[in-house]
1. Report, by residue number, each residue of the range 155-169 that is in contact (Cβ under 8 Å) with a residue 40 or more places away in the chain and crowded, with 19+ Cβ neighbours inside 10 Å.
2. Out of ALA293, ALA258, ALA227, report the one residue that is open to solvent by less than 60 Å² (accessible area, probe 1.4 Å), within 30 Å of ALA170 (Cβ to Cβ) and in contact (Cβ under 8 Å) with a residue 12 or more places away in the chain.
3. From the list GLY259, GLY207, GLY221, GLY253, pick out the single residue that is closer than 23 Å to TRP141 by Cβ and in a loop (DSSP other than H, G, I, E, B).
4. Residue under question is THR305, and the condition is that it be on the phi < 0 side of the Ramachandran plot, of a type in the set (Val, Ile, Thr) and without any contact (Cβ under 8 Å) to a residue 24 or more places away in the chain; does it hold?
5. Just one of ARG238, ARG269, ARG246, ARG208 is touching a strand residue (DSSP E or B) at 6+ places or on another chain (Cβ under 8 Å), free of Cβ contacts under 8 Å to residues at least 60 places away in the same chain and open to solvent by 50 Å² or more (accessible area, probe 1.4 Å); which is it?
6. So the check is Cβ under 6 Å with 6+ separation or different chains; which pairs have a first residue in the range 89-110 that's in contact (Cβ under 8 Å) with a residue 12 or more places away in the chain and more than 17 Å from GLY15 (Cβ to Cβ) and a second one that's open to solvent by 50 Å² or more (accessible area, probe 1.4 Å) and outside any loop (DSSP other than H, G, I, E, B)?
7. Can you tell me which residues in the range 181-201 are surrounded by fewer than 17 Cβ atoms within 10 Å (Cβ to Cβ) and under 19 Å from the mean Cα position of the chain (by Cα)?
8. For the range 58-83, which residues satisfy the criterion of being out of contact with any Gly (no Cβ under 6 Å at 6 or more places or on another chain), among the small types (Gly, Ala, Ser) and buried (at least 19 other Cβ atoms within 10 Å of the Cβ)?
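The values are calculated or read from the model by the stated rules, or taken from the named source; none is laboratory data. Since the structure is predicted, the reported quantities are computational estimates derived from the model, not experimental observations. Glycine also receives a Cβ, built like all others from the backbone with ideal geometry; neighbour counts cover every protein chain displayed. Surface accessibility is based on the protein's heavy atoms, side chains included, excluding ligands, DNA and RNA. Shrake-Rupley method; radii C 1.70, N 1.55, O 1.52, S 1.80 Å.
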Amino acid sequence: WHYTPPAGWINDPNGLCMVGDTYHLFAQHYPDGTEWGPMHWGHATSTDLLHWDEQPIALRPDHLGMVFSGSAVLDDGNRSGLGPPGSQPLVAMFTHHDMAAEKAGRIDRQHQSLAFSLDDGASWTPYAGNPVMPNPGTQDWRDPKLRWLPARQCWTMALACGDHIRFYSAPDLKHWTEDSRFGGPGVGAHGGVWECPDLMPLPAPDGRVLWVLLVSLTPGGPNGGSATQYFIGDFDGRTFTPHDTRTRWLDHGPDNYAGVTWAHAPQGRTVLLGWMSNWDYAALLPTAPWRGAMTVPRELALRSTPAGWRVAS
């Protein structure tokens, strides 16, 4: 019921998207050992979210660094220009992490880059103009999560930046403008660095559409180590405005981290997948020749409770 790699290390799910009837799962992956190492994007596909077929590694470290977390979308209008006229490229946006810069003590170690596929995700080409977003002088600046905004006819991106989330927009996935920021001290939980954001609309039972922002953090979870919090509010295409800034946990188990939702899921479903582990002990799990697994997929929905709106699974 959960995906595990045939060998190596796996952590955060990345680039969850659909092409036709096929679900694509990419993930942080080190193929050469069962401990965290230079990060690649592993790749698996499914037609039912339960049975997975391993695919060749999608992205590998290059001269710009390791391939950290990100997301993938179907650019059905080829607005990026990464495919030939009339094509629909699959575009991944991810964080390049420069380990040499980190070892040198520099904070400009993370940049945002693109890769694209013209064969429905079977093979990937890094964009020649990477990075499309050079580091602005922020140490933690990573995990881009993309969503198309029909009203603005542009893409929006949520990006984790230490103790807050920044929202950017671009018409073409290449030229990004900062729109707003959310978070900081006093907003939600701050036991650890904020990671892996995901901003999504969810219909409420009363007919309204509210927006939910997921934010993973480690440590600081309710049962130690890694966990995911969420905020419910409104999003006008540029700014996320929460109804309040209290801490709410997506769940209280210690083994669901860095979860993100599928792009283009059918019937408007919001389906989340997480990493079934916790940084408190992820490297100690006694498994071989692989270490790490994904959770069972869960569909998210809003529910009304006496204490207010809550995200249910």
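1. Kept after step one, since they are in contact (Cβ under 8 Å) with a residue 40 or more places away in the chain, are these residues of the range 155-169: 155-160, 165, 167, 169.
Within the range 155-169, TRP155, THR156, MET157, ALA158, LEU159, ALA160, ILE165, PHE167 qualify.
2. Working: ALA293 fails: within 30 Å of ALA170 (Cβ to Cβ); ALA227 fails: within 30 Å of ALA170 (Cβ to Cβ).
One residue alone meets the criteria, ALA258.
3. Values: GLY259 fails: in a loop (DSSP other than H, G, I, E, B); GLY207 fails: closer than 23 Å to TRP141 by Cβ; GLY253 fails: closer than 23 Å to TRP141 by Cβ.
Within the list GLY259, GLY207, GLY221, GLY253, the selection yields GLY221.
4. Working: on the phi < 0 side of the Ramachandran plot: yes; of a type in the set (Val, Ile, Thr): yes; without any contact (Cβ under 8 Å) to a residue 24 or more places away in the chain: yes.
Answer is yes for this residue.
5. Working: ARG238 fails: free of Cβ contacts under 8 Å to residues at least 60 places away in the same chain; ARG246 fails: touching a strand residue (DSSP E or B) at 6+ places or on another chain (Cβ under 8 Å); ARG208 fails: touching a strand residue (DSSP E or B) at 6+ places or on another chain (Cβ under 8 Å).
Only one candidate qualifies: ARG269.
6. ARG109/GLU102
7. Of the residues in the range 181-201, the ones surrounded by fewer than 17 Cβ atoms within 10 Å (Cβ to Cβ) are 181, 184-186, 191, 201.
Within the range 181-201, ARG181, PRO201 qualify.
8. First, the residues of the range 58-83 that are out of contact with any Gly (no Cβ under 6 Å at 6 or more places or on another chain): 58-70, 73-83.
Filter once more, keeping what is among the small types (Gly, Ala, Ser): 58, 65, 69-70, 77, 80-81, 83.
ALA58, GLY65, SER69, GLY70, SER80 - these are the residues of the range 58-83 that are out of contact with any Gly (no Cβ under 6 Å at 6 or more places or on another chain), among the small types (Gly, Ala, Ser) and buried (at least 19 other Cβ atoms within 10 Å of the Cβ).
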